[in-house]
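The values are calculated or read from the model by the stated rules, or taken from the named source; none is laboratory data. What you see is a predicted model; the values in this text were computed from it and never measured. Here the Cβ positions follow ideal geometry from the backbone for every residue, glycine too, while neighbour counts run over all protein chains shown.
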Amino acid sequence: MLNWFKGKKPSVETGREVAGTGENNDITKLYVGALAQPDDSVLRNRGGGRLDIYKEVLNDDEVISAFGQRQGAVISKEWKVEPGGDKPIDTEAAEAMSELLKSVGFDRVTKLMHYGVFYGYAVAELIYGIKDNMYWIDDIKVRDRRRFRFTPTGELRLLTPSNMHEGVACESPYFWHYATGADHDDEPYGLGLAHWLYWPSFFKRNDIKFWLIFLEKFGMPTAVGKYGTGATTEQKRDLLSLTRAIQTDSGIIMPEGMTLELMQIARSGAGDYKAFYDSMNEAIRRVTVGQITSSGGASSSIGGDESLQAAVLTSIAKSDSDVMCESWNRGPGTWFTQMNFPGAAVPQVSRVFEEPADLKSMSERDKNIIDSTGYRPTLAHIQDTYGGEWEEKPQPASPIDVQSLKNVDFAEQQQQNFAPVLQSQRLNTEMQSITDQWINQIKELVDNVQSLEELRDKLFELIPDMQLDEYAAVMAQALTAANLAGRTELLEDSKNG
């Protein structure tokens, strides 16, 4: 790769655009006026640049059925709003955005804006108000795209009766639009599905016309009148009127004998009209939803795999949703955030296409791992995977040992025999802290004296400081307990005697 800056610090000119389409800079367009013309060949050659011919396409039963299926696959998914960052103001902006989408009916807006996928572009107007000291979007009105045009640089213009040539400028905070389907950014009108659906629906309409004529001829033969060689013009006219009186179809007259017969059609069956009609329907569904299963339930050439067809439709719907949500985040979402939460990251609006986890299969997997490896999941893993609040399972009570119940009398007897021993151990435990304190005082004294005489004198001085109150209290409790235990034993002996 060429080292274009040759060791110097690279620098660029900000905002520079050389290949823009303004000022007749696009050689692919012979003439560009104040308003750009769509690059769609069907619109240019069949509709004079007007979208009216595409509205006729939506009247096709297969088109509206397939596109409605694609549209429903988007709207049926729940939308969500996630904070653009971790700061408190980011969370606050996301909560306000969520409330805004609920108030304007985001599903309704999405459905109308989704027609931009069909036509190539969509336009909506934002109506502002004030709510809780914030600039609020009170309503979003999706406008008829036929009322709008774009300049060669991509600026949106509204055509009015008084300004049909240049249009009225549509400023950013008030108008939201997006385009899709084109293979480059120089086409502000996009390229919608209608571009590919026009011809299949057109051929279907014409095929049906000839198919109906065929069915009429097949169901009722054509009347044939025969006239002689010398028949006059008036006789021919009368014979033709007679054939038309028999049926509504055009009759046929011919010379020779002025006889009238019914000419039975030679071919039988439905011909190729139905096959052609079905082929056009398959083309429509393939373009719109990526499959050819007809609305009537015909089998699919994908092999009849419904799960595969559902996956294809979901992928297409997610692509449509991503285009519209990205347009919202870069347009109205950004404007709303900048007006009300300066410095906050723009909340991200999207739709949830991830399928919910199969908790049953996951629990079976975890059980198999526990049984085969000996490891068990942590509480954090369980909460993250299955949600909810968890607590430790109560342990079952220990089973009762029948043999221990038989020996209960013996155990009680042994316990009574060991009562004095237990009392003695309790006394030693209670006295331990008191005697330890005395021993520590004497040990400290021994470590600090220099002679036996000094130790003797210090001991006499220490004795008054060695408190006996705690010692006396413990001994009193022990004597009381021993007294009560003795009385209990006497009472038990008197009862047994």
Of the conditions (1) surrounded by 14 or more Cβ atoms within 10 Å (Cβ to Cβ); (2) of a type in the set (A, V, I, L, M, F, W, C); (3) under 24 Å from residue 339 (Cβ atoms); (4) in contact with an Asp or Glu (Cβ under 7 Å, 6 or more places away or on another chain), residue 127 satisfies every one except a single condition; which number is it? (1)
Pairs needed: first member in the range 308-337, in contact (Cβ under 8 Å) with a residue 24 or more places away in the chain; second member anywhere, surrounded by fewer than 18 Cβ atoms within 10 Å (Cβ to Cβ) and hydrophobic (A, V, I, L, M, F, W, C); C-beta distance under 6 Å; at least 6 residues apart or different chains. 318/353
Of the residues 107, 132, 86, which is touching a residue at least 12 places away in the same chain (Cβ under 8 Å) and surrounded by fewer than 21 Cβ atoms within 10 Å (Cβ to Cβ)? 107
Looking at (1) at pLDDT 90 or above; (2) exposed (fewer than 12 other Cβ atoms within 10 Å of the Cβ), which one does residue 72 not meet, given that it meets all the others? (2)
Testing residue 59 on (1) assigned to a helix (DSSP H, G or I); (2) modelled with pLDDT under 95, one condition comes back false. Which one is that? (1)
